[in-house]
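Have a look at the structure below, then the notes.
The values are calculated or read from the model by the stated rules, or taken from the named source; none is laboratory data. What you see is a predicted model; the values in this text were computed from it and never measured. Neighbour counts run over all protein chains shown; Cβ positions are idealised from the backbone, glycine included. Calculation scope for accessible area: heavy atoms of the full protein, side chains included, ligands and nucleic acids excluded. Shrake-Rupley method; radii C 1.70, N 1.55, O 1.52, S 1.80 Å.
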Amino acid sequence: GESVGLHLPTLSVQEGDNSIINCAYSNSASDYFIWYKQESGKGPQFIIDIRSNMDKRQGQRVTVLLNKTVKHLSLQIAATQPGDSAVYFCAESGNNAGNMLTFGGGTRLMVKP
Amino acid sequence: EPEVTQTPSHQVTQMGQEVILRCVPISNHLYFYWYRQILGQKVEFLVSFYNNEISEKSEIFDDQFSVERPDGSNFTLKIRSTKLEDSAMYFCASRIQIIETQYFGPGTRLLVL
């Protein structure tokens, strides 16, 4: 039968704990990576980005790690808060004319108070 | 902080009808995009637009779809004859220059009956 929709992997963490969300990408030519947060009924909200010439970038409470060898991207959220509960998508952009973004399947983060 | 805006927030239409989804990108941005997200699925690229022409489009963006920047502020997506499978959230995004982050609007939820 036809798939109705993706079953999102879910990460459930306690408030105050650190969260790590992982993403695998397939395009070796991708040179720009972004993490977006999407709350229910809203558009993707930019969190942090990283270019392929870096392997780590830090923001406020968030860190992105890039491992080009195994084509893996991760988002670390320090001291997770209830307001962090959302679906998190990684996206990649490569050497294409319009620099379109290719999104991953998403991970649902649930923060327990 | 400047934002991408979209109207309407919700649109219900009958199959076969034409719809126009409207976006106002961030004012000094030069690159414009449309993406869609079918309920429960990941965000999918439709089309990118720069310098008054399409720079890239996906397989989804067939002859039923068109985009236009009729004036200096609006960016529209037209679906000429809607199908049931066009039901989705449609997101507009913009970026200031080719290597910068894409910022997304809140989306238009389109329901085709």
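A:VAL62 - would you say it is at pLDDT 95 or above, aliphatic (A, V, I, L, M) and over 17 Å from B:GLU100 (Cα atoms)?
yes
If we keep just the residues of segment A:41-53 that are over 13 Å from the mean Cα position of the chain (by Cα) and within 11 Å of chain B (Cβ to nearest Cβ), which is least open to solvent (accessible area, probe 1.4 Å)?
Among them, the one singled out is A:GLY43.
Need pairs with beta-carbon distance below 9 Å; first residue assigned to a loop (DSSP other than H, G, I, E, B) and within segment B:67-93, second of a type in the set (Gly, Ala, Ser); sequence gap 6+ or separate chains.
B:GLY72/B:SER27; B:SER73/B:SER27; B:ARG80/B:SER66; B:SER81/B:GLY16; B:THR82/B:GLY16; B:LYS83/B:GLY16
Looking at B:SER94 and the list (1) more than 11 Å from chain A (Cβ to nearest Cβ); (2) under 25 Å from A:GLY104 (Cβ atoms); (3) surrounded by fewer than 18 Cβ atoms within 10 Å (Cβ to Cβ), which single condition is not satisfied?
Of everything listed in (1) more than 11 Å from chain A (Cβ to nearest Cβ); (2) under 25 Å from A:GLY104 (Cβ atoms); (3) surrounded by fewer than 18 Cβ atoms within 10 Å (Cβ to Cβ), B:SER94 misses just condition (3).
Counting only residues that are of a type in the set (A, V, I, L, M, F, W, C) and over 11 Å from the mean Cα position of the chain (by Cα), which one in segment A:87-113 is most open to solvent (accessible area, probe 1.4 Å)?
A:MET110
Quick check on B:GLU56: is it out of contact with any helix residue (DSSP H, G or I) (no Cβ under 8 Å at 6 or more places or on another chain) and at the interface with chain A (Cβ under 10 Å from one of its Cβ atoms)?
Taking the combined requirement at face value, the residue satisfies it.
Can you tell me how many residues within segment B:9-29 are within 14 Å of chain A (Cβ to nearest Cβ) and either open to solvent by 40 Å² or more (accessible area, probe 1.4 Å) or touching a His at 6+ places or on another chain (Cβ under 8 Å) (or both)?
3
What's the number of the condition B:PHE61 fails, among (1) open to solvent by 40 Å² or more (accessible area, probe 1.4 Å); (2) within 27 Å of A:TRP35 (Cβ to Cβ); (3) free of Cβ contacts under 8 Å to residues at least 40 places away in the same chain?
(1)
Hey, does segment B:30-46 have a residue that's open to solvent by 70 Å² or more (accessible area, probe 1.4 Å), in contact (Cβ under 8 Å) with a residue 40 or more places away in the chain and either aliphatic (A, V, I, L, M) or within 13 Å of chain A (Cβ to nearest Cβ) (or both)?
Yes: one or more hits.
When the residues of segment A:54-86 are narrowed to those that are of a type outside the set (A, V, I, L, M, F, W, C) and within 14 Å of chain B (Cβ to nearest Cβ), which ends up surrounded by the most Cβ atoms within 10 Å (Cβ to Cβ)?
Going through the qualifying residues, I end up with A:ARG57.
Tell me which residues, restricted to segment B:31-47, are part of a strand (DSSP E or B) and within 23 Å of B:LYS83 (Cβ to Cβ).
Answer for segment B:31-47, where residues must be part of a strand (DSSP E or B) and within 23 Å of B:LYS83 (Cβ to Cβ): B:TYR33, B:TRP34, B:TYR35, B:ARG36, B:GLN37, B:GLU44, B:PHE45, B:LEU46, B:VAL47.
Within the bounds of segment A:89-97, is there any residue that is closer than 30 Å to B:ILE54 by Cα, of a type in the set (S, T, N, Q) and touching a Phe, Trp or Tyr at 6+ places or on another chain (Cβ under 6 Å)?
yes
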